[in-house]
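Peer 1: Questions regarding the structure given below will be posed in turn.
The values are calculated or read from the model by the stated rules, or taken from the named source; none is laboratory data. This structure is a prediction, so every number in the text was calculated from the model and none was measured. Methodologically, a virtual Cβ is constructed for each residue, glycine included, from the backbone with ideal geometry; neighbour enumeration extends over all protein chains shown.
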Amino acid sequence: MRKPTRFWDRVAEGYAKKPVADEAAYQKKLQVTRGYFRPDMEVLEFGCGTGSTAIAHAPYVKHIRATDISAKMIEIAKGKAEAGKVGNVTFEQSSFDELQAPERSYDAVMGHSILHLLESKEDAIAKVHRLLKPGGVFVSSTVCIGDFMRWLRFIAPIGRFFGLMPLVKIFTEEDLVAALTAGGFAIDYRWSPKKGKGLFIVAKKVA
Ligand SMILES: C[S@@+](CC[C@H](N)C(=O)[O-])C[C@H]1O[C@@H](n2cnc3c(N)ncnc32)[C@H](O)[C@@H]1O
């Protein structure tokens, strides 16, 4: 079993029980995202965790394929969807780099609190770009640790070695915006609720 899977499987139950840190900011992000959604849209979410965001958006699109590397997260997400009788979200265990899909098959891709947990945000952004239809949107919310906790780069490898932390990449908001722009996206909406609370971006694939 790969290490990231082990870490996220272990914390999944606790993650599911944890209340949203800033409910008002979360609701605003849902609202803004829905401004881009249409009822006929095919949506992909990677790193979906226990599925709350995909389930919340389900009534506003045709279908959401929600994926996560952790089988435990996906098990919890499936349980929530079943309990809520949500029929248009398909949960699936897959790491983002192994996820298979035809090019230009999605109208929107979501990746929340995940880009800083991947080996290469540039590779992930390139894959999102390939998967999106022309004019499609990438909606993401990302903690940009480089802006407020650069020192974490000394501690993170130790935490990871002892299995106390996942892989964490340290970059700034401007690094992320630059990577998206270089990856063929135009920033359509940008919002940082508070310092250290993540950068919310809606980026449009430049056709
Ligand atoms: C911080 S949680 C965010 C979950 C959810 N998106 C949210 O906003 O609450 C990060 C999630 O990414 C998943 N993850 C980590 N590495 C991944 C990878 N390489 N591919 C897909 N999912 C991954 C973890 O299992 C975990 O569920």
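Peer 1: On the basis of being away from the ligand (no atom under 12 Å from the Cβ) and within 24 Å of Lys85 (Cβ to Cβ), does Lys62 make the cut?
Peer 2: yes
Peer 1: Given the structure, is Thr90 of a type in the set (Ser, Thr, Tyr), at pLDDT 95 or above, more than 15 Å from the chain's Cα centre (by Cα) and under 26 Å from Arg104 (Cβ atoms)?
Peer 2: Here the answer is yes, as Thr90 does meet what is asked.
Peer 1: Related question: Any residue at all in the range 74-91 that is more than 8 Å from the ligand (Cβ to nearest atom), out of contact with any Lys or Arg (no Cβ under 9 Å at 6 or more places or on another chain), without any contact (Cβ under 8 Å) to a residue 60 or more places away in the chain and in a strand (DSSP E or B)?
Peer 2: Looking for residues that are more than 8 Å from the ligand (Cβ to nearest atom), out of contact with any Lys or Arg (no Cβ under 9 Å at 6 or more places or on another chain), without any contact (Cβ under 8 Å) to a residue 60 or more places away in the chain and in a strand (DSSP E or B), one finds none in the range 74-91, hence no.
Peer 1: Ok, one more. Go through the residues of the range 175-182 one by one and say whether even a single one is modelled with pLDDT of 95 or more, closer than 21 Å to Ala21 by Cβ, among the charged types (D, E, K, R) and outside any loop (DSSP other than H, G, I, E, B). Working first, answer last.
Peer 2: Residues of the range 175-182 modelled with pLDDT of 95 or more: 175-182.
Checking which are closer than 21 Å to Ala21 by Cβ leaves us with 176.
Next cut, among the charged types (D, E, K, R) only: none.
The answer is no, given that none of the residues of the range 175-182 is modelled with pLDDT of 95 or more, closer than 21 Å to Ala21 by Cβ, among the charged types (D, E, K, R) and outside any loop (DSSP other than H, G, I, E, B).
Peer 1: Also, I was wondering about something else. Just one of the numbered conditions (1) in a strand (DSSP E or B); (2) of a type in the set (S, T, N, Q); (3) surrounded by fewer than 21 Cβ atoms within 10 Å (Cβ to Cβ) is not true of Ser140; which one?
Peer 2: (3)
Peer 1: Restricting attention to the range 34-59, and to residues there that are outside any strand (DSSP E or B), within 22 Å of Ser94 (Cβ to Cβ) and not aliphatic (A, V, I, L, M), which single residue is farthest from the chain's Cα centre (by Cα)? Talk me through it step by step, then tell me what you get.
Peer 2: Step one: of the range 34-59, the residues outside any strand (DSSP E or B) are 34-41, 47-59.
If we keep only those that are within 22 Å of Ser94 (Cβ to Cβ) as well, we get 41, 47-58.
After this cut, where a residue has to be not aliphatic (A, V, I, L, M) as well, the list is 47-53, 57.
Numbers: Gly47: 5, Cys48: 6, Gly49: 9, Thr50: 12, Gly51: 11, Ser52: 12, Thr53: 10, His57: 14 Å.
Among them, the one singled out is His57.
Peer 1: Looking only at residues that are at pLDDT 80 or above and over 20 Å from the mean Cα position of the chain (by Cα) in the range 145-154, which one is surrounded by the fewest Cβ atoms within 10 Å (Cβ to Cβ)?
Peer 2: So, considering only residues that are at pLDDT 80 or above and over 20 Å from the mean Cα position of the chain (by Cα), the one surrounded by the fewest Cβ atoms within 10 Å (Cβ to Cβ) is Trp151.
Peer 1: Regarding Ala186, is this residue more than 16 Å from the ligand (Cβ to nearest atom), at pLDDT 95 or above and outside any strand (DSSP E or B)?
Peer 2: No; evaluated as a whole, the condition is false for this residue.
Peer 1: Here are some residues: Ala54, Ala21. Which one is exposed (fewer than 14 other Cβ atoms within 10 Å of the Cβ) and touching a residue at least 24 places away in the same chain (Cβ under 8 Å)?
Peer 2: None of the others qualify; the one that does is Ala21.
Peer 1: Another question, if that's okay. Glu13: within 13 Å of the ligand (Cβ to nearest atom), assigned to a loop (DSSP other than H, G, I, E, B), among the acidic types (Asp, Glu) and at pLDDT 95 or above, yes or no?
Peer 2: The answer is no for Glu13.
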